[in-house]
Amino acid sequence: MSSAASTSAPVAHNAVPPPLANAAGRSSRIAPHSHIKGLGLAADGSAPSDGSGFIGQSNAREACGVIVDLIKSRKFSGRALLLTALALAVSHELGAKVPFCPMVGSEVYSTEVKKTEVLAEAFRRAIGLRIKETKDVYEGEVTELTPDRTVSHVIVGLKTVKGTKQLRMDPSIYEAILKEKIVVGDVIYIEHDSGAVKVRRILFIPHFFLASAAPDAYASSYDLEAETYVPLPKDQVHKHKELVQDVTLGDLDAANARPQGGQDIMSVMGSLVKSGRTEVTDKLRREVNKVVKGYVDQGVAEVVPGVVFIDEVHMLDIECFTYLNALLESPMAPTVILATNRGNSLVRGTTDIVSPHGIPVDLLDRCMIVKTDGYTREQVGKVVQLRANVEGLRLGPGRARPDLRYALQLLTPASILAALAGRTQIEAEDIGEMGELFLDAKSSAALIGEDGGFQGGR
């Protein structure tokens, strides 16, 4: 089939046609939910039929929009939510400033730490702390960097829009400058009290480039392969600057378990290192909470409750569920989102407790449950077309299978058959041949005999 015939053929499932760019050279893996970019809600909170990668599920998306607003307003802490595949969209809507800690239920079964400790760590990582400090700093573009011969001091020239200043500084500052690989043209700030040197732009642009074009235009016209261009500071070189840093209680727990350097909160955060997992004692967590409460009372910091997302929550056992109830009642508790695809099932760790979704009833009573709807055949077709666009595949006309997951799994194998046949798009015959090679879940389950043996070969 020629390419002209392919482009003139009707598009499958009444969806938008896929991009014409050839994606055959793409080697990176595409995640199952990479097409989800958010909830796709309108300004009034209503959900159109399609939006941000979602097809249908309007009621569920509107419900999650309400939950997002509650989390942002910090009115949903210590509450639980039960849903299916909407958690990724919720994380996109919350943004990077709200901690989002995903985990799978089976992660709690570790040989290094206790099950309850894994849950406690996840909760602490989902509680953010936004620290604001006003410091006396020198900030500007480096115009001069001259150590004397004996390195008894170093001359640093800084420039801003409103003026220039030449600083004679301690040799320890020069060591920090060498460590940060600072050169003339970098925009830096130096803390007056601690002498810490921070680089805001690790990028040198010669002045003759800046004289012939606007800096922002130059930065956007070339692939600089560096951090975002930082313009020349507009204030005076010497100023009082408010510094904001976001950390989590889990970070503070780890830093205090392995303290290094100074004991002020900024030094503690700067001492975070990666190492093997160790259990943090409840006593240490209470001490961290006491320090955090002191900073909050002083107005230096604010607590930002985030989200713990536990996928496959039915994998937790009765001990974990009991501990989860206790964590939700603690003073510092994030929002908990639970996801599972189980119906009535036995609660792990018990022999006689059968509960909906494998979750004990006492925890289930505390959950707000998002209502989801089944997909129509037309909606399944739109989802398949959307995934095909993301993976750079072309679909011919035809009807989608009602089993959404099975239909999505057949896309890539069918594209290989189409390529072997010399076609640029997947046709119905390719899907039919895949159906002869593979089974969907329901067909496979139907082949299991009464004795539990598989009868597919009979």
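Brief remarks on what is shown
- Which listed pairs, of Lys75/Lys132; Lys371/Lys442; Lys75/Lys371; Lys37/Lys181; Lys179/Lys239, have C-alpha distances above 27 Å, in listed order: Lys37/Lys181
- Qualifying GluC sites (Glu not before Pro) for the stretch 47-137 [loop in DSSP, other Cβ within 10 Å: at most 15]: Glu112
- In straight-distance terms, cross-link reach from Lys234 covers every one of the aspartates and glutamates whose alpha-carbon lies under 14 Å from its own, apart from those fewer than eight places away in the same chain; here that gives Glu139, Glu141.
- Each semi-axis of the equivalent ellipsoid for the stretch 276-324 is √(5λ) with λ an eigenvalue of the Cα gyration tensor; in descending order they amount to 29, 16, 10 Å.
- Using the alpha-carbon positions of the stretch 45-121, Rg (one decimal) and Dmax (whole number) come out as 15.1, 47 Å.
- Principal semi-axes in Å for the stretch 352-436 [√(5λ), Cα gyration tensor, largest first]: 38, 14, 11
- Semi-axes of the equivalent ellipsoid for the stretch 312-458, Cα gyration tensor, largest first, Å: 40, 22, 12
Values quoted throughout were computed directly from the atomic coordinates according to the rules given, and no laboratory measurement underlies them. Keep in mind the model is a prediction, meaning the values are calculated, not measured. Cβ atoms come from the backbone with ideal geometry, glycine included; neighbour counts cover every protein chain shown.
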